[in-house]
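All remarks here apply to the structure that follows.
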Amino acid sequence: MDINYHYLLEHISHQLHTFVKTWTGNEPMPSQSQIETICVRSDLKDHYLSTSDFLTFLAAQPEDASLHCPLLFSVKAGEKELMYGYVSAQEHHFLVGPLLLSNAMQLNVQLPPAKNLQAISDEDMAALFTCHLYFFCDNLLLLHNLFREKTLLRDELIYRNCTTRMSKTEIMTDYSNLVFQRQEMNEPHNPYDQELREGSSIENGDIEMLKKSINEDYKGKLGTLAKNELRNAKNLGIVLMTLASRAAIRGGLLPEIAYSMSDVYIQKIEEMTDSAVIYSVIRQYEIEYAQAVADLKSKDSQQKKRQNIWTEQAKDYIFCHLHEKIRIQDIAESLHLNANYLSELFKTQEKITLTDFILKEKVKLTQNLLTYSPYSYIEIATYLGFSSQSHLGKVFRKYTGMTLRQYREAYGVNNNRR
């Protein structure tokens, strides 16, 4: 199948608002007459990078250096880093740029600017398109992957261009040194079966077994994830919260709840400045995960251990859209089910109608906001998708027996707003 190259390159130029230069052949140094330039912009200047200098650089690279992955590189112009990309596809070559990135990125390759470029004016700078690295990479990957059977992913492109990669020899050397040091100091890692017991305790909601597992004594130690002690403690916290959240999900906790707990816990850990406190808090958070699973299992002890998959997914949808007006029809469509069938299935499984479940969850969130947030009643009603403050008040009173004001006055931490 033939490819309309000119349309493709015009598309890339439109997307990135910059130049696309192209040439064909296997010669390392094509003449200027062989290079075609496509640009949909009339106000953009092409004087930042010398094409001949770039080709000289390219000719000095190993023959297969650009065959498997596009090249990202930058050119220094004043205080700015101008970004370029080079793609080699069969006999076709594409040079894309310049543009600016909205996120700072340290590339492995930086080329000198054109020799006659003294500085970049404010007018020139304003003409350059600014985008996120991902958007730039996606356009380069379009050029790259159209000519190949095997798809290159964006993560691999960034990894190859934006990191100083360790060779396999370097990695194995560091690994061998670390193993030797731990053997010399008699400091192995804690046994894997202890980690399994912790995860199993959370999964089963067994708080007492979790505490026993945490208190088991070994001559080993936890992993070293950073040279700085505080950073090491925080990194361990992130890892353990990730493992604990997955164990809780296996125990039946809804993924959205488990993930949200993990987000909150990790953010709290990041704010801490005492490594000893972090280690203690991590263990408490693990216990809270186990408690959440225990509460769930206690509530559902007379029900099936595994709820119907559609019911679970309906709950996930509800938790993800609590701040919106939720219609049963929307839930059913997201699951590709008939709305009446979903309603009956949910009622059979949960012993509560889908509408009541939605409203009860909204009321629970309302209670939380009334207790801990300073938001007004109308703000809470709007946030949760109610048509009015009055509508929220009626629903809230139906399920709690209290008005919004009564509940906030009784339990609110921040009572400065109504």
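The values are calculated or read from the model by the stated rules, or taken from the named source; none is laboratory data. These numbers come from a predicted model, not from an experiment. Positions of Cβ are generated from backbone atoms using ideal geometry, with glycine treated the same way; all protein chains shown enter the neighbour counts.
Yes or no, residue by residue, for (1) hydrophobic (A, V, I, L, M, F, W, C); (2) at pLDDT 85 or above; (3) touching a Leu at 6+ places or on another chain (Cβ under 8 Å):
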{"site": "E79", "(1), (2), (3)": "no, no, no"}
{"site": "Y86", "(1), (2), (3)": "no, yes, yes"}
{"site": "K115", "(1), (2), (3)": "no, no, no"}
{"site": "H132", "(1), (2), (3)": "no, yes, yes"}
{"site": "L140", "(1), (2), (3)": "yes, yes, yes"}
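So which of L354, L322, L404 ends up being modelled with pLDDT of 90 or more, surrounded by 16 or more Cβ atoms within 10 Å (Cβ to Cβ) and over 21 Å from K299 (Cα atoms)?
L404
Name the residues in segment 378-399 that are of a type in the set (A, V, I, L, M) and under 35 Å from the mean Cα position of the chain (by Cα), would you?
I378, I380, A381, L384, L392
Within segment 331-340, count every residue that is over 28 Å from the mean Cα position of the chain (by Cα) and at pLDDT below 90.
Summing the residues that are over 28 Å from the mean Cα position of the chain (by Cα) and at pLDDT below 90 in segment 331-340 gives 1.
May I ask you to say which residue of H47, H17, H11 is more than 25 Å from I158 (Cα to Cα) and not hydroxyl-bearing (S, T, Y)? Write out each step before concluding.
Values: H17 fails: more than 25 Å from I158 (Cα to Cα); H11 fails: more than 25 Å from I158 (Cα to Cα).
Step by step, each of H47, H17, H11 is checked, and only H47 is more than 25 Å from I158 (Cα to Cα) and not hydroxyl-bearing (S, T, Y).
Take the conditions under 22 Å from W310 (Cβ atoms) and among the aliphatic types (A, V, I, L, M) and apply them to A381. Does it pass?
no
Would you point out the residue of segment 120-145, among those that are part of a loop (DSSP other than H, G, I, E, B) and in contact with a His (Cβ under 9 Å, 6 or more places away or on another chain), that is farthest from I158 (Cα to Cα)?
Among those residues, the one meeting the criterion is L128.
If you go through segment 260-296, how many residues are of a type in the set (S, T, Y) and crowded, with 16+ Cβ neighbours inside 10 Å?
So the first thing to find is which residues in segment 260-296 are of a type in the set (S, T, Y), and the list is 260, 262, 265, 273, 275, 279-280, 285, 289.
Then keep just the ones that are crowded, with 16+ Cβ neighbours inside 10 Å; that gives 262, 265, 275, 285, 289.
Of the residues in that region, 5 qualify.
Read through the list (1) out of contact with any Ser or Thr (no Cβ under 7 Å at 6 or more places or on another chain); (2) assigned by TED's automatic domain parsing to the domain that holds N215; (3) of a type in the set (A, V, I, L, M); (4) farther than 19 Å from L365 by Cα, then give the number of the only condition that L337 fails.
Against the list (1) out of contact with any Ser or Thr (no Cβ under 7 Å at 6 or more places or on another chain); (2) assigned by TED's automatic domain parsing to the domain that holds N215; (3) of a type in the set (A, V, I, L, M); (4) farther than 19 Å from L365 by Cα, L337 comes up short only on (2).
This table checks each residue for (1) more than 18 Å from L157 (Cα to Cα); (2) without any contact (Cβ under 8 Å) to a residue 40 or more places away in the chain.
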site: W23; (1), (2): yes, no
site: M29; (1), (2): yes, yes
site: Q32; (1), (2): yes, yes
site: I38; (1), (2): yes, yes
site: R41; (1), (2): yes, no
site: D53; (1), (2): yes, no
site: Q61; (1), (2): no, yes
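Is there a residue in segment 257-264 that is within 24 Å of E361 (Cβ to Cβ), in a loop (DSSP other than H, G, I, E, B) and either modelled with pLDDT of 90 or more or among the charged types (D, E, K, R) (or both)?
Scanning segment 257-264 turns up no residue that is within 24 Å of E361 (Cβ to Cβ), in a loop (DSSP other than H, G, I, E, B) and either modelled with pLDDT of 90 or more or among the charged types (D, E, K, R) (or both).
Spot the failing condition for K362; the list is (1) within 20 Å of H391 (Cβ to Cβ); (2) in contact (Cβ under 8 Å) with a residue 60 or more places away in the chain; (3) surrounded by 18 or more Cβ atoms within 10 Å (Cβ to Cβ); (4) of a type in the set (D, E, K, R), and only one is missed.
(2)
State the number of residues belonging to segment 241-256 that are surrounded by 23 or more Cβ atoms within 10 Å (Cβ to Cβ) and at pLDDT below 90.
Here the count works out to 1.
Does V281 fit the bill of being aliphatic (A, V, I, L, M) and closer than 21 Å to D316 by Cβ? Step through it out loud before you land on a result.
Numbers: aliphatic (A, V, I, L, M): yes; closer than 21 Å to D316 by Cβ: no.
Here the answer is no, as V281 does not meet what is asked.
Is it true that Y159 is surrounded by 11 or more Cβ atoms within 10 Å (Cβ to Cβ) and either at pLDDT 90 or above or not aliphatic (A, V, I, L, M) (or both)?
Against the criterion (surrounded by 11 or more Cβ atoms within 10 Å (Cβ to Cβ) and either at pLDDT 90 or above or not aliphatic (A, V, I, L, M) (or both)), Y159 qualifies.
Is it fair to say I328 is surrounded by fewer than 18 Cβ atoms within 10 Å (Cβ to Cβ), in contact with a Leu (Cβ under 8 Å, 6 or more places away or on another chain) and modelled with pLDDT of 90 or more? If you could, list the steps in order and put the result at the bottom.
Values: surrounded by fewer than 18 Cβ atoms within 10 Å (Cβ to Cβ): yes; in contact with a Leu (Cβ under 8 Å, 6 or more places away or on another chain): yes; modelled with pLDDT of 90 or more: yes.
Yes; evaluated as a whole, the condition is true for this residue.
Residue pairs, Cβ under 9 Å, 6 or more apart or interchain, first in segment 187-210 and under 11 Å from Y289 (Cβ atoms) and of a type in the set (D, E), second modelled with pLDDT of 85 or more and outside any helix (DSSP H, G or I). List them.
Listed by first residue and then by second, the contacts come to E203/G251; E203/G252.
Would you point out which residue out of L67, L72, L100 is surrounded by fewer than 19 Cβ atoms within 10 Å (Cβ to Cβ) and modelled with pLDDT of 90 or more?
Residue meeting the stated conditions: L100.
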